[in-house]
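J.: Here it is: the structure, laid out below.
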Amino acid sequence: MSINRRPHPRDIFLDRSLEELPLFRLSDTVDDPAVSYTAADGGRWRVLSNPGERLPGTFDQDVYVELMRRYCEAGEPADGVLTFTLHAFLRSMNRQVDGRTYEQLRGSLTRLEKTTLQSERAYYDAVVCGPVDASFTVLSSVMVERRRTLEREQLALFPVVVTAEPGEARVAISPVIRQNVAARHVVSFNIARYFGLPSPVARRLYRLVEVARAEGVLTWRVSLDRLREQLPLAQRYPSHLQRVLQPAHDMLKEAGVIREAVVRQQQREWFVDYVLAGKASKTA
């Protein structure tokens, strides 16, 4: 299996609390307006779509990671504000740049601003050093400006850039997320390795593995039901879940993220045992 690779200058940080919780649907066929999750300590977490909108999905997961890359590489600006052209953003994600993906990106940024994340003592706040009741969004504000008419007309004079830059975005990362990153309640995350994984399930699983690594473990045991909820996946039967997870496990092994992943049954419960690879076991 070939894993696509691209160079990238360094690792980035992701909010460790948010990484532990489900947010992005990994199946675009599921139309539920909400995701509900009960944490191991009993806390409750909900992801609520904006009326008339769907929940964030696989494309939105990649947009979120690219936003956090830009936030980290901008030096974690105090106001959380990032500005970028839609064209440059899509190119950074290795996405085709055309009218369809421009609209897809605009829709994604809106979803990240309008999708409500509700915590009832499920989200860990590093400032208060404990789980909190909170309601927030990934992006606290989004503004996308299209190019002025005169600028678009001038682009026709330069065929090389005719299809470029239909607009510029100005977004702000949520203060809730920013304060956890500032307090270094984070996972260290290699974005080249992430975008090199061809499966959305493998990408999400990679982020969960990094949560386990941040806890200082070399092996990570998780029940199959718990893993299904954290990813989250729509499949419920162990055999169906294994069919979805096996290709992702193979990708993570080839990419050097894990050494082994074994699904086994103990009494009536199914578990997955992961053996984590070393951080520098394979160059991304």
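Each value in this text was obtained by applying a stated rule to the coordinates, not by laboratory testing. The structure presented is a predicted model; accordingly, all values stated were derived computationally and were not measured. Positions of Cβ are generated from backbone atoms using ideal geometry, with glycine treated the same way; all protein chains shown enter the neighbour counts.
J.: Considering only C-alpha atoms, what is the centroid distance from region 197-240 to region 86-124, in Å?
T.: If we compute the Cα centre of each part, the gap is 22 Å.
J.: So if I place +1 on the C-beta of Lys and Arg and -1 on the C-beta of Asp and Glu, and nothing else carries charge, what would the dipole magnitude of region 194-284 be about its Cα centre? I want it in debye, nearest 20. Each step should come with its number before you reach the end.
T.: On the way: 15 positive and 9 negative charges, 15 e Å.
The calculated dipole for region 194-284 is roughly 80 debye.
J.: Between ASN50 and ARG259, what length comes free when the chain is fully extended (0.36 nm per residue of separation minus the Cα-Cα distance, one decimal in nm)?
T.: 71.3 nm
J.: Follow-up question, since we're still on this one. Binning at 10 angstrom from zero up to the longest distance, how are the C-alpha pair distances of region 194-284 distributed in percent?
T.: Histogram of Cα-Cα distances, whole percents per bin: 16, 55, 26, 3.
J.: Picking from ALA122, ALA183, ALA34, which is most flexible by a Gaussian network model of the chain using Cα springs under 10 Å?
T.: Largest GNM mean-square fluctuation: ALA183.
J.: How big is the shadow of the Cα convex hull of the chain, averaged over all directions, in nm²?
T.: 16.0
J.: With springs only between Cα atoms under 10 Å, which of GLY167, GLY52, GLY107 fluctuates most in a Gaussian network model of the chain?
T.: GLY52
J.: Report, in whole Å, the centroid distance computed from the Cα atoms of region 128-148 and region 62-80.
T.: Their Cα centres are 12 Å away from one another.
J.: Have a look at ARG178, ARG70, ARG146 and tell me which one the Gaussian network model of the chain (Cα, springs below 10 Å) gives the largest fluctuation.
T.: Largest GNM mean-square fluctuation: ARG146.
J.: Assign unit charges at the C-beta atoms only (+1 for Lys and Arg, -1 for Asp and Glu), then state the dipole size of the chain relative to its Cα centre in Debye, rounded to the nearest 20.
T.: Dipole magnitude for the chain comes out near 620 debye.
J.: Separate question: With n ≥ 4 as the cut-off for DSSP H runs, can you work out [θ] at 222 nm for the chain, using -39500 (n - 2.57) per run divided by the number of residues, rounded to the nearest 500?
T.: Using -39500 (n - 2.57) per qualifying helix, the result is -11000 deg cm²/dmol.
J.: So for the chain, taking the charge dipole from beta-carbon charges (+1 Lys/Arg, -1 Asp/Glu), which of LEU112, CYS72, ILE191 sits furthest toward the positive end?
T.: The one lying farthest along the dipole's positive direction is ILE191.
J.: Could you work out how far apart the two model spin labels at THR116 and ALA40 are, taking each label as a point 7 Å from the Cα in the direction of the beta carbon, and quote it in nm?
T.: 3.0
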